[in-house]
Every structure is written in C-alpha cells, then in structure tokens.
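The block underneath contains the structure these notes are about, expressed in structure tokens.
The values are calculated or read from the model by the stated rules, or taken from the named source; none is laboratory data. Quick caveat: nothing in here was measured; it's all calculated off a predicted structure. Positions of Cβ are generated from backbone atoms using ideal geometry, with glycine treated the same way; all protein chains shown enter the neighbour counts.
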Amino acid sequence: MRSILFCALLLLGNAAHAADKDRIIGTWKLVAVTYEDAATKERTPVLGDSPRGYQIATPEGRWLALVTANGRPVPKTDEDRAKALRSMIAYSGRYRVEDNKVITKVEVAWNEAWVGGEQVRFLRFEGDDVLNIESPPMPHPNVDNKTVKVIVTWARDKS
C-alpha cells in the first residue's frame, strides 16, 4: 500500500513540475519589483511604481529577463551611466524548472558576477496570467550589497 501511495505522490509531483514548466513558457510583462530587506523585512519598490521590463521563457529552455526603473534619463556622464546600471537588472541563459523553482545557468548579465553561475528563483502562479518570482535572500549590487529578497511580479503578455 505504501508503495502505491509513494508512486501516486511521485506522479502528482512530476505532473505539477511539468505544469509549471509549461505554464512559464511565453512572454511576460513586468508589473512590479520589490526588494524585501532580509534584516527588517521592509519592502521597497526599488525601481519605482511603474518599472518596465519583459521576461521571455522559450520551450527550448532559453531565459531572458530585462527590467529597468521608470523615469530613467538618458545617461550623459559617467555618473549617469553608473546610475543607469544600478537601475536595471538583465540576464539570460538556459533554464530548467524544478520543485517550484526556475533555475537559470547565466550566460550573460548586467552583473558580471552572475555569469557562469546559477540564479534560483521560486515560482508562484496566480491563475494563468500572473507569475510571481522570488529570489532567496542575497546581497544585491543595486543596493550596496545589502541582503534582500527580490520579489518580481509579471503578467502574461497577450499582445
């Protein structure tokens, strides 16, 4: 009896994994980016109230995410360019879905320290059209390496 129950749970787990893998495929438009301070739990919309960005997950396993703050001016000085770099997140690589997580083997990124490593994000779907992706707490270069959890909300792009 236990072996039948174990097999049933294993099949259900594999079905949920396959469902998440299929559900994540497509183009997603950015809704919000929030940093949650690991120490205080304070949440900050670090890229403003209307950040811009897209995330694309292909059936072949390619991941691309690009996020920018709203109201970014065209950089004209080195200081402006440094500010522009701190007001964005971008990376791409091969991804896989495992146990409610998307794991991307980063091939190119705005933060060179990510290249060659893996970025792990936790998935939470709200219906078919809203996707919440959360990082584990990590030092983040855009906030002076303060340890934060990045919470990103995406809406399926239907255009």
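Figures for the structure shown
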item	result
Residue check, Val46 buried (at least 16 other Cβ atoms within 10 Å of the Cβ) and under 14 Å from the mean Cα position of the chain (by Cα)	no
Unmet requirement for Arg94, which otherwise passes all of (1) charged (D, E, K, R); (2) in contact with an Asp or Glu (Cβ under 9 Å, 6 or more places away or on another chain); (3) at positive phi	(3)
Condition check for Pro136: surrounded by fewer than 14 Cβ atoms within 10 Å (Cβ to Cβ) and within 12 Å of the chain's Cα centre (by Cα)	yes
Single residue of Pro59, Pro73 found to be exposed (fewer than 14 other Cβ atoms within 10 Å of the Cβ) and at pLDDT below 95	Pro73
Checklist (1) free of Cβ contacts under 8 Å to residues at least 40 places away in the same chain; (2) more than 19 Å from Val33 (Cα to Cα); (3) charged (D, E, K, R); (4) touching a strand residue (DSSP E or B) at 6+ places or on another chain (Cβ under 8 Å) applied to Glu79, failing item	(4)
One residue from Val115, Val108 being surrounded by fewer than 16 Cβ atoms within 10 Å (Cβ to Cβ), free of Cβ contacts under 8 Å to residues at least 60 places away in the same chain and under 27 Å from Ser159 (Cβ atoms)	Val108
